[in-house]
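The values are calculated or read from the model by the stated rules, or taken from the named source; none is laboratory data. This is a predicted model, so every value here is computed, not measured. Note: ideal-geometry Cβ built from the backbone for every residue, glycine included; neighbour counts use all protein chains shown. To get the accessible areas, we keep the full protein, side chains included, count just its heavy atoms, and leave off ligands, DNA and RNA. Shrake-Rupley method; radii C 1.70, N 1.55, O 1.52, S 1.80 Å.
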Amino acid sequence: MSNTSDHERVLILGGGDGLALREVLKYPNVKHVDLVDIDPLVIGLAKTNPKLITQNNCSLLDERVNIHSEDAKKFILRELQPYKVIIIDFPDPVDPVISSLYTIELFSQTAKILSKQGVLVCQSNSQYW
């Protein structure tokens, strides 16, 4: 977020716990956030569990947020307006199954929906997988 001054439209892929979203919403010029997480149970828990609500600061209930319980790879294939910031908050690629989220196709498609002056960040810790 600090690498661009334009935070109007943000996309978060993964992040159903609302923690990355909590940080995004600290910026007052954020007007629209799409959060896409495949697991509706995680999203439901993050919206209702008192401990998670405390951690995520009720971020999933913010009126600027649109939650999409679907596969991020399918969501980004839609015809979308460009995003100023894209955050990929998938689980760590610690095995072949989760590593399959991190594909050339995914990054190519996210590049297509990133504005010219936009910023993309991807959470990852293992280059091996």
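For this structure, a couple of remarks:
- Of all residues in the range 1-19 being touching a helix residue (DSSP H, G or I) at 6+ places or on another chain (Cβ under 9 Å) and assigned to a loop (DSSP other than H, G, I, E, B), the one that is modelled with the lowest pLDDT: M1
- If the condition is being of a type in the set (V, I, T) and either open to solvent by 90 Å² or more (accessible area, probe 1.4 Å) or not in a loop (DSSP other than H, G, I, E, B) (or both), then the range 20-66 contributes V24, V33, V36, I38, V42, I43, T48, I53, T54, V65.
- Candidates are the residues of the range 74-99 that are over 12 Å from the mean Cα position of the chain (by Cα) and not in a loop (DSSP other than H, G, I, E, B); the one that is surrounded by the fewest Cβ atoms within 10 Å (Cβ to Cβ) is P96.
- Within the range 78-101, residues that are in contact (Cβ under 8 Å) with a residue 12 or more places away in the chain and within 19 Å of V10 (Cα to Cα) reach partners that are of a type in the set (D, E) and open to solvent by less than 60 Å² (accessible area, probe 1.4 Å) with beta carbons closer than 6 Å, at six or more positions or on different chains, in the pairs K84/D6.
- Members of the range 49-91 found to be of a type in the set (D, E, K, R), at pLDDT 95 or above and touching a Gly at 6+ places or on another chain (Cβ under 6 Å), listed by number: K84
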